[in-house]
Amino acid sequence: MPELPEVETTRTGLAPYCHQGIISHLQVRQPRLRWPVPENLEAQVQGGHLAPLLRRAKYLLLPVTARGYLIWHLGMSGKFRVLTPETTDQAWRKHEHIELGLTSGVRIRYEDPRRFGALLWHPDLQAGQAQAPWPQHPLLTALGPEPLSTNWHAEDFYHQCRKSRKAIKVLLMEPKCVVGVGNIYATEALFAAKIHPQCPANRLSFSECALLVTHVKKILTQAIAQGGTSLKDFASVQGDLGYFAQSLQVYGRTGQACYLCETPIQSVQLAQRTSAFCPQCQPLSAKEA
Ligand SMILES: [Zn+2]
């Protein structure tokens, strides 16, 4: 499943093709995604000027100047393919559902075998302005801070943790707390901070919260720099696979020896997600149980 680093990598990969783009067409071959693609979407965007692409949580936002936002979510298996007039393989692939065409000749195809992704439209006359506020779409308004922004910091996170008896990993993955920290990155950050995933959030000290915030930011930044994590359904627009998977310390390593202490990695189910941890490096002390 594409997580925040993959979506950010996708944004930076698409950006040069969309730069100052004017939309020539929007072809929808399969509107039945997670939510139906709006019926009159092409009429809304045709002839519109694209402003620089944005990302909010795992939503890719394509501002169409003074009209609104195309809101794209990759779901479980969505990805893009960029075709230019020089591309030799122009044929539609089986699971390519949507094509956004630009007057430059660039065409952006959206492929999504499992169709859990979405393409929505949010009208907004301020779209594309440099200082425009985030679009007030219902999917976006309830979201917590961006993990890599200065709006997410140890003080706030500590106060949120104080109010919650949930397992820290569950809280860390809640979009209301902070967006875009998926299972891989929550698992890895907890290992780096030496915090057990089941530790109740309100038992964490301020310094533990600060350490966790630091590691979440560091791990996401590394993953973006390395082009995402390269799980099976993800490829960035140029088709490069990310290399972050090679640096995973505990995620997907249940039963294998911890790289630091050689204790076998264990896992627990938390909120229906497998949470790998090292029982030696991330002890759950008696006071926390
Ligand atoms: Zn260990």
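The values are calculated or read from the model by the stated rules, or taken from the named source; none is laboratory data. These numbers were taken from a predicted model, which means no experiment stands behind them. Here the Cβ is made from the backbone with ideal geometry for all residues, glycine too, and neighbour counts use every protein chain on show.
Key figures
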read-out: Matching residues in the stretch 252-271 - criterion: being within 14 Å of the ligand (Cβ to nearest atom) and either touching a residue at least 24 places away in the same chain (Cβ under 8 Å) or of a type in the set (A, V, I, L, M, F, W, C) (or both); value: 257, 258, 260, 261, 265
read-out: Residue identified as in contact with a Lys or Arg (Cβ under 6 Å, 6 or more places away or on another chain) and farther than 18 Å from residue 146 by Cβ among 34, 107, 81, 93; value: 81
read-out: Positions within the stretch 144-198 being under 19 Å from residue 57 (Cα atoms) and of a type in the set (Val, Ile, Thr), in sequence order; value: 150, 170, 178, 179, 181, 184, 187
read-out: Candidates 71, 22, filtered to the one that is among the β-branched types (Val, Ile, Thr) and crowded, with 17+ Cβ neighbours inside 10 Å; value: 71
read-out: Checking residue 139 against (1) out of contact with any Lys or Arg (no Cβ under 6 Å at 6 or more places or on another chain); (2) under 26 Å from residue 282 (Cα atoms); (3) assigned to a helix (DSSP H, G or I), the condition it does not meet; value: (2)
read-out: Answer from 112, 124 - the residue that is in contact (Cβ under 8 Å) with a residue 40 or more places away in the chain, closer than 22 Å to residue 21 by Cα and among the acidic types (Asp, Glu); value: 124
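Matching residues to (1) within 25 Å of residue 110 (Cβ to Cβ); (2) at pLDDT below 95; (3) assigned to a strand (DSSP E or B); (4) among the small types (Gly, Ala, Ser):
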| residue | (1), (2), (3), (4) |
| --- | --- |
| 178 | no, no, no, no |
| 191 | no, no, no, no |
| 209 | no, no, no, no |
| 216 | no, no, no, no |
| 222 | no, yes, no, no |
| 236 | yes, yes, no, yes |
| 246 | no, yes, no, no |
| 260 | no, no, no, no |
